[in-house]
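The values are calculated or read from the model by the stated rules, or taken from the named source; none is laboratory data. It should be emphasised that the depicted structure is a prediction, and the values quoted were computed from it without experimental measurement. Here the Cβ positions follow ideal geometry from the backbone for every residue, glycine too, while neighbour counts run over all protein chains shown.
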Amino acid sequence: LRIGVVGAGAMGSLFGGCLFEGGGADVTLIDVNPAHIDAIREHGLRIVDDRGDRRIHIPTVTPEAVKGTFDLVLVFTKTLHTRSALTGIAGAIGPETYLFSLQNGLENKETLLEFAAPDRVLIGVTTYPADIKGPGHVESHGEGVARFAAAASGEPPIASALIGAFEPSGLRLVYDPDVEAAIWEKVAFNAALNSVCAITRSTVGQVGADEGTRSLVFSIVGEVCRTAIASGIDVDTGHVEGMVEHALSHHTHHKPSMLQDLLAGRMTEIETINGAVARKAVAAGIETPVTSVVLKLVRHVQSPPQV
Ligand code: NAD
């Protein structure tokens, strides 16, 4: 399989690097960050995970330098950059190319469908974590899994080849026809914890230690899960509440990505997480007052009006 990974930050570098290292696929990283690209070209991509610390000499290019078409493009930009990233490599997306998103948030399927036919679009979700520690250096610790399904119904023809390419990578990929439920459950988790930590500029533990912010988090989980169920998605609310409770008491020093983005002066993924939930809730006739207030506050703090 010829795979292009567009958006080779924390997750793209981890997935692309491990797939290349495993030898199951011909992988190219594609990014727009010159410092990161130069570091990988000069010293190799440094991956530090539970299997060790190594440097992987993987082809890494800017979008303009991509040659030929890919069998599969794995999209790992932040969701606000998906359209510009796919537009930037439009010449490498042929009629047979699969587009595959494991990004967080809702509506990734709809965005990919702007660039490929339904039988060429794969969507999913992953619990693997990753952090960029510096140019060309990614770290990831702990267990994870990636789940995927096709935008069209039924198992996609590429499924077994893709799972085969992942096998030697050390990353677990499974076909899950109910992946929409897993996507919504992760959105419920992120809509609640990411946004409240971002607005309050607090770690997960600080939010959990304050009864007020803790109750906001669980209100959002309830709103997102009710929206999912009203939209026909069979989410397990108790399971999400358990994941949130575990994070509040175990990941106390963690700063979720939305907080990290705000602190670094970057736009967050709020529109494809809380924003998308609020849109789906209107369509499903569900009230989401806390999710919507938090959405407005994050919009304000990430882009304060000039007065
Ligand atoms: P990141 O910011 O580390 O990486 C995104 C990369 O995209 C950057 O290197 C950036 O330079 C690149 N990019 C931006 N615009 C581009 C363009 N036009 N063309 C090519 N590249 C472009 O983000 P991340 O943490 O890897 O997250 C990626 C996605 O995965 C997000 O949707 C995130 O929510 C999701 N996710 C992240 C984690 C995690 O632990 N980091 C876990 C699960 C899911």
Item to check | Residues being within 15 Å of the ligand (Cβ to nearest atom) and surrounded by 20 or more Cβ atoms within 10 Å (Cβ to Cβ) - total across the stretch 233-256 | outcome: 2
Item to check | Extreme residue, surrounded by the most Cβ atoms within 10 Å (Cβ to Cβ), among residues of the stretch 105-119 that are in contact with a strand residue (DSSP E or B) (Cβ under 7 Å, 6 or more places away or on another chain) and part of a loop (DSSP other than H, G, I, E, B) | outcome: ALA116
Item to check | Any chance GLY170 is touching a helix residue (DSSP H, G or I) at 6+ places or on another chain (Cβ under 6 Å), surrounded by fewer than 14 Cβ atoms within 10 Å (Cβ to Cβ) and touching a residue at least 60 places away in the same chain (Cβ under 8 Å) | outcome: yes
Next on the checklist: Looking for something within 18 Å of GLY275 (Cβ to Cβ), touching a helix residue (DSSP H, G or I) at 6+ places or on another chain (Cβ under 7 Å), modelled with pLDDT of 95 or more and acidic (Asp, Glu) - is there at least one such residue anywhere in the stretch 211-226?
Outcome noted: yes
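With ALA165, ALA182, ALA161, ALA192 as the choices, which residue is away from the ligand (no atom under 14 Å from the Cβ), under 17 Å from the mean Cα position of the chain (by Cα) and assigned to a helix (DSSP H, G or I)?
Answer to the selection: ALA192.
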Checklist entry - Taking the stretch 128-158 on its own, how many of its residues are among the hydroxyl-bearing types (Ser, Thr, Tyr) and either touching a residue at least 40 places away in the same chain (Cβ under 8 Å) or crowded, with 17+ Cβ neighbours inside 10 Å (or both)? => result 2
Checklist entry - In the stretch 52-68, which residues are surrounded by fewer than 17 Cβ atoms within 10 Å (Cβ to Cβ), in a helix (DSSP H, G or I) and within 11 Å of the ligand (Cβ to nearest atom)? => result GLU64
Next on the checklist: Between ALA198, ALA264, ALA230, which is over 20 Å from the mean Cα position of the chain (by Cα) and of a type in the set (A, V, I, L, M)?
Outcome noted: ALA230
